[in-house]
Amino acid sequence: MTSNDEYVLQLLQERGYVTPEAVAAASQSMRQANETTLDVLLAGGTVKEDEVLGTIADQFGIKYVHIDSDAIDPSVVKEFTPEIAHKYGVVPVVSQDDSVIVALSDPMGYDAIDSLRYVLHGRDVQAVLAPAAEIKATMNKLYPPDDATMVETRDEMGLDAGSADGDSDDAPVIKLCGLILTNAVKMKCSDIHLEPMEKYFRVRYRIDGALREMDSPPKRLQGAIISRMKIMSKMKISEKRIPQDGRIQIKVGDKDLDLRVSSVPTNHGESIVMRILDKSNLALGLPQLGFLSDDQTKFERLIRLPDGVVLVTGPTGSGKTTTLYACLGQINQPDKKLITVEDPVEYQMDGINQVQVNKDVGLDFSAALRSILRQAPNIVMIGEIRDNETADIAMEAALTGHLVFSTLHTNDAPSAVTRLLDIGVKPFLVASALRAAMAQRLVRAICTNCKQPYTPTERDIKMLGAISKTIPETMYMGAGCPKCSNIGYKGRKGIFEIFEVDDTIQRLIFDHAPATLLRQRARELGMRTLREDGMLKVASGMTSLAEVLRATMGDAD
């Protein structure tokens, strides 16, 4: 007797359907090797099938029904193919808007229900329990066995073993979704885009900041793939009218990965974007970010100050969060207490207290920041300064002995001051608390495997003459090789602009000076602009002229 049978027998005894003595007697009278006590009780009429199945259904929170094949709406029958019905051992009973109710004989058939959700293009599937004999009879009537022989044929051909070109049932869809994810990780992709177009279903990977189109799955699998991804990220698959957010945790090889998933309804279906958060990036030190030696020394000194505000600025996708995590990893020591406030917490870091913003319960950046300051931290990281209240608290925290890291969306480093003043922070607070702001961009790094020198062309010299006083005699490019997928670039590095606040700049801030004056003073102190830093990295062979020009298009200098 299996443990499941023992459990059912206990339930039957509690309900008074059978006595302990009858169970013991049935157990003694078992004659066949595959016979159970429950089989003996049912065969002898000691308990009835309705009593057993009704008890099981109650435990699983589903209804127990008898099926009348004549009462099933023909339109519901047409929603299933004979192959699907026979393969999963279910018959459709009722169709309701975005859901369908199916009858099955095994209450543990969760896999069948999940698979049907993919097969039915995201429709919600609800189960009811019915006697196996009734399901078989109804199935044979509604879907004659002769029509289902294709199931055996497909199994013999091996199409269910993972062919993405088979019918849109669960096995190929699950394998295809897994392939999309694993290939993205292997290609070091930062995010995956699943985009329904009018006549095809587009899959694109963002690799080193550039989107690359991959082979498109068949359009007919669109609904099943999107439903699979939504279920994996714990979204509501029946809700297709509003945007949703979710998260997937997977392991690829020896890597534990988090995927931040966003779903948005579009004209031709739901668009899914999955941001891959690779925890191995946390091991990046400041040298791996692309700092030149003098900037690295300067920045390491800034992040080890006892107090003040240090900001990292740049547009979305410029690597600000990675830089902040690298800073925290650099200064995370047992004698320091570090707390972060993030929306969302992208990476879990050992030894750091991380707080997730939850606006639904009133825990926004400012509320969380107020609370964590009572925890007596040495160092605080705020995911982003978005409003006056958060900025004021951050500045006041810096003035009371805390070192505060955060990000701002500004194009260059001196503009961080202007941005803080614009959102209502008083000039004396900014002047007193701000220690530095660093702007950054990401540029693609030349592939080291196929890197080769070349002499600058006339066009290169003309462009360089307008933006740089020195023109290198030799520049570098990637010829393209299998390691970089013949692109010539592999990986990304940062270019930086570090704006330090000295006494003169403090006075300028206090006087509400414009960003141009702040920038001029910073240049006098030796600040390199983003483009100048990029040009040094072109000369060193780290990146190309085209990449620096693309990343610094808005650089005034």
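Take the conditions assigned to a loop (DSSP other than H, G, I, E, B) and touching a residue at least 12 places away in the same chain (Cβ under 8 Å) and apply them to ILE248. Does it pass?
no
Tell me, please, whether a residue that is more than 20 Å from MET235 (Cα to Cα) and modelled with pLDDT under 80 can be found in the range 114-123.
No - not one qualifying residue is present in the range 114-123.
Hey, could you check the range 92-108 for residues that are at pLDDT below 80 and out of contact with any Ser or Thr (no Cβ under 8 Å at 6 or more places or on another chain) and say which is most open to solvent (accessible area, probe 1.4 Å)?
ASP97
Restricted to the range 529-556, and to residues there that are part of a loop (DSSP other than H, G, I, E, B), open to solvent by less than 50 Å² (accessible area, probe 1.4 Å) and farther than 18 Å from TYR476 by Cβ, the residue that is modelled with the lowest pLDDT is ASP555. Of the residues in the range 287-308, how many are in a helix (DSSP H, G or I) and either at pLDDT 90 or above or at positive phi (or both)? The qualifying residues number 10.
Residues in the range 406-427 that are of a type outside the set (D, E, K, R) and open to solvent by 10 Å² or more (accessible area, probe 1.4 Å): HIS409, THR410, ASN411, SER415, THR418, LEU421, ILE423, GLY424, PRO427. In the range 177-209, of all residues being over 18 Å from the mean Cα position of the chain (by Cα) and of a type outside the set (Ser, Thr, Tyr), the one that is most open to solvent (accessible area, probe 1.4 Å) corresponds to LYS199.
Going by the structure shown, is CYS481 open to solvent by less than 20 Å² (accessible area, probe 1.4 Å), in contact with a strand residue (DSSP E or B) (Cβ under 7 Å, 6 or more places away or on another chain) and over 22 Å from THR321 (Cβ atoms)? The answer is no for CYS481. Consider MET475 carefully, then state whether it is modelled with pLDDT under 95 and open to solvent by 10 Å² or more (accessible area, probe 1.4 Å). In short, no. Scanning the range 310-361 for residues that are over 12 Å from ILE382 (Cα atoms), open to solvent by less than 50 Å² (accessible area, probe 1.4 Å) and assigned to a loop (DSSP other than H, G, I, E, B) returns GLY314, SER318, GLY319, ASN332, GLU346, TYR347, MET349, ILE352. Tallying residues that are of a type in the set (A, V, I, L, M, F, W, C), over 15 Å from GLN126 (Cα atoms) and not in a helix (DSSP H, G or I) within the range 65-98 yields 2. For the residues GLY494, GLY480, the requirement of being over 30 Å from ASP511 (Cα atoms) and in contact with a helix residue (DSSP H, G or I) (Cβ under 7 Å, 6 or more places away or on another chain) singles out GLY494.
Could you check the range 185-217 and list, in sequence order, the residues that are touching a Ser or Thr at 6+ places or on another chain (Cβ under 9 Å) and among the hydrophobic types (A, V, I, L, M, F, W, C)? Scanning the range 185-217 gives MET187, LEU194, MET197, PHE201, VAL203, ILE207. If you go through the range 16-38 and keep only what is at pLDDT 85 or above and either open to solvent by 50 Å² or more (accessible area, probe 1.4 Å) or not aliphatic (A, V, I, L, M) (or both), you end up with GLY16, TYR17, THR19, PRO20, GLU21, ALA24, ALA25, THR37.
The values are calculated or read from the model by the stated rules, or taken from the named source; none is laboratory data. Note that the structure is a prediction, hence the values are computed from the model and not measured. Methodologically, a virtual Cβ is constructed for each residue, glycine included, from the backbone with ideal geometry; neighbour enumeration extends over all protein chains shown. Ligands, DNA and RNA are excluded from the accessible area calculation, which covers all protein heavy atoms including side chains. Shrake-Rupley method; radii C 1.70, N 1.55, O 1.52, S 1.80 Å.
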